[in-house]
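The values are calculated or read from the model by the stated rules, or taken from the named source; none is laboratory data. Note that the structure is predicted; figures quoted are calculated from it, not measured. A quick note on method: Cβ atoms are made from the backbone with ideal geometry, for glycine too, and the neighbour counts reach across all protein chains shown. The protein model used for the area step is the full one, side chains on, heavy atoms only, and it has no ligands, DNA or RNA in it. Shrake-Rupley method; radii C 1.70, N 1.55, O 1.52, S 1.80 Å.
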Amino acid sequence: MISVVIADDEPLARYKLHNYVSAVPSLRVAAVCHDGNEALTAAISTRAELLFLDVRMPGLSGTEVVASLDKVPAVVFTTAYDAYAVQAFNLGAVDYLLKPFGRRRFLETIDRVQNMLTTSSFATDGTGSPDRLLVREGDRITPIHFHTITRFEARDDHVMVHTVTHRHLATVRMHELEQRLDHNQFVRVHRSHIVNLDHINTIKSHRSGRLVITMMDGTKLFASRARSHTLRQASI
């Protein structure tokens, strides 16, 4: 079951969402919150897999809750204002429910959430930290351990997962990967590339001022100017 945290400062909105969520067998309400501060605490303590966040709430806003999380689950923003849509999707939101919305629109969102979580999701170790990426390939799900992954490469709305021996096309956002991965092991060197530090052969300066990263398998990647600067600062 997918654990859900609901956060909205309007009692009627909380009641409505609670009823909608409770009616879906694959969903479980983990917490119902009145403001953004409660939502942040609940998201962390329950390790929720799905957050329904009102954009405008007392304390932290919905977007501030997401920005405060080290590991961001699936997020759906709910609001009466359409002006926040771009910001919401830039934060990697699965959907943006404009109030008032009905059961049919809610179920469309749940379909999107379930498809995302079952197509490419994270499996955790005994401590709750992700240690595998689950990728749906046809009628089967393939677990890929992070230590075997050499790099991630953006491919439109998908990500190519490169391992030592295979490649897997996953339906997952680079933004979500960057949020969930161990930053001591994986580093984003370009908007299209995240690399495993354990699989880097060399990092050298290029005459353009950018860094050239050569992977163990011989693949060469150019870091962006901004990421090159960050890598240089980190190596001092």
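Evaluate the range 84-94: report whether one residue or more is at pLDDT 90 or above and either of a type outside the set (Lys, Arg) or outside any helix (DSSP H, G or I) (or both).
The initial filter retains those residues of the range 84-94 that are at pLDDT 90 or above, namely none.
Scanning the range 84-94 turns up no residue that is at pLDDT 90 or above and either of a type outside the set (Lys, Arg) or outside any helix (DSSP H, G or I) (or both).
What are the pairs, 6+ residues apart or on separate chains, where a residue within the range 196-211 that is surrounded by fewer than 18 Cβ atoms within 10 Å (Cβ to Cβ) has its Cβ under 6 Å from a residue that is polar (S, T, N, Q) and outside any loop (DSSP other than H, G, I, E, B)?
Pairs that qualify, where the first residue is surrounded by fewer than 18 Cβ atoms within 10 Å (Cβ to Cβ) and the partner is polar (S, T, N, Q) and outside any loop (DSSP other than H, G, I, E, B), are 201/214; 202/214.
Those residues that are more than 18 Å from residue 186 (Cβ to Cβ) and surrounded by 13 or more Cβ atoms within 10 Å (Cβ to Cβ), I need them from the range 212-221; list them, please.
Taking the range 212-221 first, the residues more than 18 Å from residue 186 (Cβ to Cβ) are 212, 218, 220.
Listed by number, the list holds a single entry, 212.
Name the residue that is surrounded by the fewest Cβ atoms within 10 Å (Cβ to Cβ), counting only residues in the range 160-195 that are more than 13 Å from residue 133 (Cα to Cα) and of a type in the set (Val, Ile, Thr).
Only one residue fits best here, namely 165.
In the range 8-48, what residues are in contact (Cβ under 8 Å) with a residue 40 or more places away in the chain, under 18 Å from residue 96 (Cα atoms), among the charged types (D, E, K, R) and open to solvent by 20 Å² or more (accessible area, probe 1.4 Å)?
Of everything in the range 8-48, those that are in contact (Cβ under 8 Å) with a residue 40 or more places away in the chain, under 18 Å from residue 96 (Cα atoms), among the charged types (D, E, K, R) and open to solvent by 20 Å² or more (accessible area, probe 1.4 Å) turn out to be 9, 10.
In this structure, is residue 39 over 24 Å from residue 176 (Cα atoms) and not in a loop (DSSP other than H, G, I, E, B)?
Values: over 24 Å from residue 176 (Cα atoms): no; not in a loop (DSSP other than H, G, I, E, B): yes.
It is false that residue 39 is over 24 Å from residue 176 (Cα atoms) and not in a loop (DSSP other than H, G, I, E, B).
Which of the residues belonging to the range 17-35 are modelled with pLDDT under 95 and touching a Ser or Thr at 6+ places or on another chain (Cβ under 6 Å)?
Hit for the range 17-35 is 28, nothing else.
Considering only strands (runs of 3 or more DSSP E) fully contained in the range 99-201, which possess at least 3 residues that are in contact with a strand residue (DSSP E or B) (Cβ under 6 Å, 6 or more places away or on another chain), at pLDDT below 80 and of a type in the set (S, T, N, Q)? Steps first, answer last, please.
On the way: elements: 120-124, 130-137, 140-145, 149-155, 158-163, 167-170, 186-190, 193-196.
Qualifying strands (runs of 3 or more DSSP E): 120-124.
(1) open to solvent by less than 60 Å² (accessible area, probe 1.4 Å); (2) free of Cβ contacts under 8 Å to residues at least 60 places away in the same chain; (3) within 21 Å of the chain's Cα centre (by Cα): which one isn't true of residue 145, the others all being true?
(1)
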